[in-house]
Amino acid sequence: MTEPEKMIEMNNLNKGCLRSWPHFQDYCITCGACSSSCPVSGIDGFDPRKIVRMVSLGMQEEIVSSRWPWICTMCGKCENVCPMEVDIPGLIRKIRSMRDRDKVPGILHKGLDTAIQTGNNLGLPQEDFIFILQDVGEEIAQEPGFEEFTVPVDKKGANILTTIHNKLVNTHTDDLKHWWKIFFAAKEDWTVPSTNWEGTNWGLFTGDDERMKIMAGRVAENMEQLQAKNLLWPE
Ligand code: SF4
Ligand code: SF4
């Protein structure tokens, strides 16, 4: 049996258990490089090395119920510096996926429920979304040099289709203006879809693979339907 085949066999034997391929946590030499590079090390005692060690020691219940896996930002710095190529972000996603969904912290799971039902984490109706985009567009058009600015919603064949982070149409509308003005100045050909525009995939962050795929698939559908050439997915 080849080494990869042995790993797959081991994974199958350990189905549902954390101590398995493909995250390679058992190769950890406890050097601490991951802890040093991690931007959230130290928050509430969080330390990626401790997570790796707990998994290697089979402390599955303790780590799944711990707050630590939810402190990680999934930035991937730890993985880049690890000399043993331990897949720490992947391991943390796996741990998150093992948490009962009604025990997922904060608004992440509820927001994902809402996004699956409505196309965005806020549950914002399409007409309200379009109203906000047009309102921001009108504000930009009042600035000198941007008089011709409009927001191209559902434009077919654009060079760039961009998703929108829900907070940008909720509490941070001013943040939309900066890059839209750059598009205008650069004479970019761009568009925003009026449905399924959500750029934040909480299926990714909560370890919910099935619903992560649904959210990603919707973005791909928008690309096809609007025949856009490139995708700008700021999240
Ligand atoms: S960097 Fe890699 S080998 Fe070093 S402690 Fe972290 S997981 Fe272990
Ligand atoms: S992926 Fe998580 S554990 Fe790794 S460096 Fe980023 S925040 Fe820290």
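A short reminder: the numbers here are calculations on the coordinates, not readings from a lab. Predicted, not measured: the structure shown is a model, and the values here were computed from it. Note that we place each Cβ from the backbone using ideal geometry, even for glycine, and neighbour counts take in every protein chain shown.
Peptides 82-91, 95-104 ordered by packing proxy, namely the average of other Cβ atoms within 10 Å per residue, highest first: 82-91, 95-104. Peptide packing for 137-143, 156-162 was compared via the average number of neighbouring C-beta atoms within 10 Å per residue; ordered from the highest value, the list is 156-162, 137-143. Each residue, Asp174 and Glu127, gets one label point 7 Å from its Cα in the Cβ direction; the gap between the two is 3.0 nm. Dividing the summed helix terms, -39500 (n - 2.57) for each DSSP H run of n ≥ 4, by the number of residues in the chain produces a 222 nm estimate of -13500 deg cm²/dmol to the nearest 500.
Scaling against 2.2 N^0.38 Å puts the C-alpha radius of gyration of segment 132-235 at 1.11. Dimensions of the chain based on its C-alpha atoms, expressed as ranges along the principal axes with the largest first, amount to 63, 35, 33 Å. Could you pull out the pairs from Lys77/Lys213; Lys181/Lys229; Lys94/Lys181; Lys77/Lys155 whose alpha carbons sit more than 28 Å apart here? Pairs exceeding 28 Å: Lys94/Lys181; Lys77/Lys155.
Placing +1 on each Lys and Arg Cβ and -1 on each Asp and Glu Cβ, with no other charges, gives the chain a dipole about its Cα centre of roughly 840 debye. Ranking of Val153, Val192 by neighbouring Cβ atoms within 10 Å, starting from the fewest: Val153, Val192. Exposure proxy shown here: for Cys28, Cys38, the number of other Cβ atoms within 10 Å sets the order, fewest to most, as Cys28, Cys38.
Between Val81 and Met59, the FRET efficiency estimated from the beta carbon spacing at R0 = 22 angstrom works out to 0.40.
The 3J(HN,Hα) values that the Karplus relation (6.51, -1.76, 1.60; θ = phi - 60°) gives for segment 167-181 are, in residue order, 5, 6, 9, 10, 10, 10, 4, 4, 5, 5, 5, 4, 7, 5, 5 Hz. Gly and Pro appear as x. Listing Trp233, Trp202 from fewest to most neighbouring C-beta atoms within 10 Å gives Trp233, Trp202.
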